[in-house]
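Everything below concerns the one structure shown next.
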Amino acid sequence: MPLSFEVFPPSTKEGSSQLGESLRQLRELKPEFISVTCSSQTLNLAAETLKVASYVQNVAEVPAMAHLPALYLDKADVDQLMPQLREQQVKQVLVLRGDVREQLPVKHDFQHASDLVAYIHDNYPDFKITGACYPEMHPEAKNMVEDVKHLKMKVDAGCDQLITQLFLNNEDFYRFRELCAIANINVPILAGIMPVVSERQASGILKTSASHVPGKFRTILAKYRQYPQALRQAGITYAIDQIVDLMANDVDGIHLYTMNQTDAAQQIQQDIGTLFEVKSA
């Protein structure tokens, strides 16, 4: 059962030092890969995402996956970045449309993630391409049918697998997986899980995430939000419950959004690590 993690490029020297230690610890958990976001406000992929992805691949010695935002790249950018990734032995990319950011100019070669997927698939066939998906529907989609239709186009353009946006209710994932099967989307779908370990993180999810927040999760937050250690433990336990249920239902893989912290990932591995050794039916 594949287990993978997401990290982001740090913005400070302290963050860089912390990330280096985090990657050393994550390596011990033997992940399938570690993805590297393009979270910087400048989207300087070569200086940030590529640098961290290279560190993951060549120093931490874990297969790295670089995030590429379609809206902020043109063909010339891609033709510069892909050989650089290849030179660093990074052979996996996660293709996203990218969030619209007012302070950054949008480029026009790739209006949708599927456009960039197709370009990479046709011109750089030695790369493994992952796409993003939304179990509860993309926030800008008119309805779920339209969203799955667009997802099918993205997969047909060349996606080898999909990773979901975070979700807190497994039933949403199962309904989404059924719709994908009906639409003949047959690539692996990795479940994106974020262990919520702080009140600040929980508040951010409540304010900014498009994910539905179940009553069970709200009750946990209300009960423990004034008790940081208890909330941390409750949040990790909630994530573990999700993962155990997903694995029992033959999920293709678990992708943990680590927020550059390793404590939750280490506890999950400690508590249920043997489950990842069980093959799906």
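Odds and ends about this structure:
- Computed E for Gln229/Lys13 - FRET, C-beta separation, R0 25 angstrom, nearest 0.05: 0.30
- For Val90, the shell of other residues with beta-carbons less than 14 Å away shows a net charge of 0, using +1 for Lys and Arg and -1 for Asp and Glu.
- Taking only the Cα atoms of the chain, the radius of gyration and Dmax are 18.2, 53 Å.
- Highest mobility in the GNM of the chain, judged by mean-square fluctuation with C-alpha springs under 10 Å and restricted to Val213, Val56, Val148, is found for Val213.
- Met153-Asn123 FRET efficiency (beta carbon distance; Förster radius 25 Å; 0.05 resolution): 0.85
- Charge tally around Gly20: other residues with Cβ under 13 Å, Lys/Arg +1 each, Asp/Glu -1 each, net +2.
- Projecting label points 7 angstrom from Cα along Cα→Cβ for Gln103 and Lys30 puts them 4.3 nm apart.
- The residues neighbouring Leu168, those whose beta-carbon lies less than 13 Å from its own, together hold a net charge of -3 under the Lys/Arg +1, Asp/Glu -1 convention.
- For the pair Gln270 and Asp77, the difference between a 0.36 nm per residue extended length and the Cα-Cα distance amounts to 65.3 nm.
- In units of the rule-of-thumb radius 2.2 N^0.38 Å, segment 1-152 shows an alpha carbon radius of gyration of 1.06.
- Highest-fluctuation residue, Ala64, Ala132, Ala76 considered, GNM on the chain with Cα pairs under 10 Å: Ala76
Laboratory data are not the source of any read-out in this text; all were calculated from the coordinates shown. Just so we're clear, the structure is a prediction, and the values are computed from it rather than from any experiment. Heads up, the Cβs are rebuilt from the backbone with ideal geometry, glycines too, and the neighbour counts pull from every protein chain shown.
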